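Taking it in order: structure first as structure tokens, then the write-up.
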């Protein structure tokens, strides 16, 4: 046991070491997820601390009355709440685990081609991805993230990026919404290579109108996947929808934001193995019930419609359980009838506790 603990702590210490700006450090994926949950970082979850991540850190530190440094220390992580704990590699992870380290695990699994949500909550889809990785890595398939699994994730290579051979370069003019990461990905080269080609410090702000040299037509173009929860515009739209419909139904906006984050990470494209869809992860039967019984009219299947239907259903559950948020969330996760007849299950209690913990930080 002691050897395992030492190995885990050493791994965490190595991952937590400060990385140069623009360098990929998996531990930083946890930071980006925590900042996204606060509504401050809307870029890709790519574990690269670029200008947008640093700006989000500074904004968060200002709102919390912390010293504004643009770097994350223990005080900043504590202020981030549940998603600011624990550093990856410092504990074992299993179903129901929640926090920074789960987001890092999800990021690494996603980079290995295992499609999992990146939201800091280890639920069914992440558990299945973890088991698949363990199986292909010839590890014990127990669905528990421990030192051996962590080491394999760090040691194994993601799908190799073929060497890109170019014959010429052309000029690209930076447009609004561009980032070095997205430009490099589109060109099929690394961020470091793009910065080196343009003698550019990737930690500096990328100005609109800047002219960048981009490799010409490559003979082979393949990019390494990165975990993206949502596009910036859709994340902003989802948060606005949550605010609007929470006010409409008299639901605490922080509760609405926390539930949507736990279900999908504000991603309307998520579809679960059982067919739950969108931001609020609604089953077709739930959607039909809300339309026919609770609302009385059809709702368009958009991100805003998904939030509308989800919060109408949550409002119903809150009324059924006399405003008890814990029981309403339990019924959301487990089913209203099941909670009435058997009470919340252990896995349900974990889900409820995590949503309520996140609610306090929203």
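Coordinate-derived values only; no laboratory data. What you are looking at is a predicted structure, and each value in this text was computed from that prediction instead of being measured. All Cβ positions, even for glycine, are placed from backbone atoms using ideal geometry, and neighbour counts span all protein chains on display.
Site pair residue 115 and residue 69 shows an inter-label distance of 4.0 nm when each label is modelled 7 Å from Cα along Cα→Cβ.
The three principal axes of the Cα atoms in region 2-155 give end-to-end lengths of 45, 32, 27 Å, sorted in falling order.
For the pair residue 148 and residue 300, what calculated FRET efficiency results from E = 1/(1 + (r/R0)^6), where r is the Cβ-Cβ distance and R0 = 41 Å, to the nearest 0.05?
Details: r = 47 Å, r/R0 = 1.16.
The calculated FRET efficiency here is 0.30.
For the peptides 303-313, 28-38, 64-74, 275-285, residues were scored by their other Cβ atoms within 10 Å and the scores averaged per peptide; the highest-first order is 28-38, 303-313, 275-285, 64-74.
Reported to the nearest whole Å, the Cα centre-to-centre distance from region 234-268 to region 82-139 is 24. The base-10 log of I(q)/I(0) for region 33-73, evaluated at q = 0.33 Å⁻¹, reads -1.27 [Debye formula, identical scatterers on Cα atoms, solvent excluded]. Here the extension length gained between residue 293 and residue 353 equals 18.7 nm, from 0.36 nm per residue of separation less the Cα-Cα distance. Simple spin-label estimate for residue 193 and residue 324 gives 5.9 nm between the two label positions (7 Å along the Cα-to-Cβ direction from each Cα).
The calculated FRET efficiency for the pair residue 138 and residue 92, based on their C-beta separation and a Förster distance of 30 Å, comes to about 0.95.
Taking 0.36 nm per residue of sequence separation and subtracting the Cα-Cα distance, how much length would be gained by fully extending the chain between residue 131 and residue 211, in nm to one decimal?
Numbers: separation 80, 0.36 × 80 = 28.80 nm, distance 4.52 nm.
Full-extension gain reported as 24.3 nm.
Taking all Cα pairs closer than 8 Å and separated by 6 or more residues, the relative contact order of region 232-359 comes to 21 percent. In percent, how large is the relative contact order of region 2-155, given Cα pairs closer than 8 Å and 6 or more residues apart? Value for region 2-155: 21 percent. Put simply, the convex hull of the Cα atoms in region 277-362 casts, on average, a shadow of 5.8 nm². A Förster radius of 22 Å combined with the Cβ-Cβ distance from residue 243 to residue 360 puts the calculated FRET efficiency at roughly 0.80.
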